[in-house]
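Okay, structure first, notes after.
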Amino acid sequence: MGVHKTITQGYKSHVRQVQHHWENALAAEGFDAVLIHAGSKVVSFLDDYEYPFRCNPQLLWWLPLTHHHDSALLVRPGRRPKLMYFQPDDYWHLPPADPESWWADEFEVVPVRDANAWQQESSGAHTAFVGDAPALVSLVDASRLNPPRLLNRVHLARTRKTEYEIACISEAARLGALGHTVAERAFRQGLSEYDIHQQYCMSIQLVDAELPYGNIIALNEHGAVLHYQTQQQQAPAEFHSFLIDAGATVHAYASDITRTYAAGPGDFADMIVAMDEMQRAVCADVVMGMDYRKLHLRAHLDIAGILHEFGVINQSPEAAVESGLSSVFYPHGLGHFLGLQTHDVAGLIADADGTPIPRPDGHPFLRLTRDLEPGNVLTIEPGLYFIEPLLRQWRESGDVSAINWDRVDALTPNGGIRIEDNILVTGAAPRNLTRDAFADLSQ
Ligand code: GLY
Ligand code: MN
Ligand code: MN
């Protein structure tokens with residue numbers, strides 16, 4: 001069975017589950033309907049060029065309308081959701097194509113030419129509104145716009161993916177793995193960051209705006225810039241390393257994958273192998289009931305162990321975590337939920353009130369603190385970097401002798417290492433969607 005068929009066959013059941021979650025959330029919060037607005041185009045100051053459109057993910061949970069600004073969905077308990085499908089008479093831009101039956105059959109679809117058509121559908125006193133379109137924000141009173149408890153309920157439901165969502169993310173992982181394979185080959189051929197990026201996009205047939213986040217294509221020391229955002233058109237004189245953090249989207253569902261390569265053998269290549277082993281071990285522990293914070297702290301201990309083993313630090317792994325030294329080399333979180341948003345919702349809350357589940361002290365960037373449940377999809381992305389500003393701060397105010405500076409100097413031209421996979425929590429063993437996708441490609 002083709003991929004598209006696997007995805008579309010699960011869609012009907014997905015919509016039923018989404019309807020069920022929304023009905024429960026509306027009843028619990030005293031609303032009798034919700035209008036979900038896709039969002040509107042935003043133009044640049046003093047011009048009429050638009051920023052790339054990003055559809056409201058709350059609408060995308062229902063429908064794969066990634067490019068469809070100003071469409072809106074009215075959801076009422078017990079009734080087929082009504083889609084006001086915005087198809088303007090526009091000769092400057094290509095209007096959205098007619099609805100495709102694999103998704104449209106689940107809705108009452110009303111094509112509309114007027115971007116304000118949703119305003120006629122939403123006069124009920126107990127209708128909630130969800131979105132950030134300027135027209136919505138200016139017309140709807142604040143108590144009914146994006147009610148936090150309503151959204152928290154929906155966000156918590158979104159953490160447990162349906163079969164349809166898992167199929168979409170798996171396909172996004174397959175595309176990502178394909179792009180990564182092509183990108184590694186381009187790196188080995190000595191191409192520039194820009195050319196590697198172009199090859200990545202061409203291989204998976206996506207343009208930049210369709211990527212879940214800006215590709216991180218980092219040669220050499222650029223690997224130490226966590227969200228490195230440029231792509232140099234000139235290839236460097238020497239190649240030491242390549243860090244690529246790049247994903248793909250399928251019906252708006254994201255993959256988020258990182259690999260790191262050394263140009264040749266040596267300490268940095270050996271460190272990548274050590275990081276890969278520890279990352280796989282952490283992935284194997286992504287099991288139901290696990291407190292994600294424990295995995296994050298364990299990754300700190302493991303990375304401190306690797307730093308110690310390679311002679312970069314002098315403190316024991318335990319002391320390095322305790323003193324904050326491990327955070328000099330590993331300053332981000334172990335990972336996050338993944339879905340319609342690369343950093344998907346509800347990673348840090350316990351309930352409809354949004355009660356925070358605290359991060360461990362000293363770990364301000366961790367994005368996931370929940371106990372894991374079947375259906376969660378999340379990333380495991382430990383990292384180890386040689387980041388000049390963080391090393392300088394430690395040199396100025398930490399225990400200088402805890403770091404072997406000559407080892408740091410020797411490794412700094414490599415930038416850093418991150419290895420990131422996308423994992424599905426099940427009732428049994430975790431499914432590593434990324435490693436499965438790479439394995440399928442090599443068959
Ligand atoms: N690519 C962004 C992240 O890994 O969180
Ligand atoms: Mn990530
Ligand atoms: Mn990433």
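Using a 1.4 angstrom probe on the protein heavy atoms only, could you order T230, T127 from most to least accessible area?
Largest to smallest exposure gives the sequence T230, T127.
If each Cα of the chain is one equal point scatterer, what is log10 of I(q)/I(0) from the Debye formula at q = 0.05 Å⁻¹?
-0.20
Run the 1.4 Å probe and let me know the accessible area of R431, rounded to the nearest 10 Å².
The value for R431 is about 100 Å².
Convex hull over the Cα atoms of the range 106-244, averaged projected area in nm²?
12.8 nm²
Using the charge dipole of the range 197-284 (Lys, Arg: +1 at Cβ; Asp, Glu: -1 at Cβ; taken about the Cα centre), state which of G264, Q205, H240 has its Cα farthest towards the positive end.
The residue sitting most towards the positive pole is Q205.
Is the C-alpha gyration tensor of the range 1-64 telling us rounded, prolate or oblate? Criteria: a/c under 1.5 is rounded; beyond that, a/b larger than b/c is prolate, otherwise oblate.
Verdict is oblate for the range 1-64.
If each Cα of the range 306-443 is one equal point scatterer, what is log10 of I(q)/I(0) from the Debye formula at q = 0.18, 0.20 Å⁻¹?
Cα-only, vacuum Debye calculation for the range 306-443: -1.07, -1.16.
Can you give the FRET efficiency for A319 and V207, using 1/(1 + (r/R0)^6), R0 = 51 Å, r = Cβ-Cβ distance, to the nearest 0.05?
0.60
Given bins 5 angstrom wide, list per bin the percent of all Cα-Cα distances in the range 337-390, short to long.
Answer for the range 337-390: a P(r) of 4, 15, 22, 25, 16, 9, 5, 3, 0 percent.
Kirkwood Rh, Cα Rg: Rg to Rh for the range 202-248?
0.98
Compute from the Cα atoms of the range 12-102 the Rg and the Dmax, the latter being the longest Cα-Cα distance, and quote both in angstrom.
Gyration radius and largest Cα-Cα distance of the range 12-102: 15.2, 46 Å.
Counting heavy atoms of the protein chains only and a 1.4 Å probe, report the per residue accessible area for the chain as a whole number of Å².
Per-residue value: 44 Å².
Roughly speaking, to the nearest percent, how much of the chain's 1.4 Å accessible area is carbon and sulfur?
53 percent
Amide H neighbours of A33 under 5 Å, at least 5 residues apart or on other chains, H built in the peptide plane: list them.
A128
Which of K12/K41; K12/K82; K5/K161 have a Cα-Cα distance over 24 Å?
K12/K41
How much accessible surface does F187 have with a 1.4 Å probe, in Å² rounded to 10?
Answer for F187: close to 10 Å² accessible.
The values are calculated or read from the model by the stated rules, or taken from the named source; none is laboratory data. These figures come from a predicted structure and were not determined experimentally. Heads up, the Cβs are rebuilt from the backbone with ideal geometry, glycines too, and the neighbour counts pull from every protein chain shown. Protein only, heavy atoms only, side chains kept; ligands, DNA and RNA dropped before computing areas. Shrake-Rupley method; radii C 1.70, N 1.55, O 1.52, S 1.80 Å.
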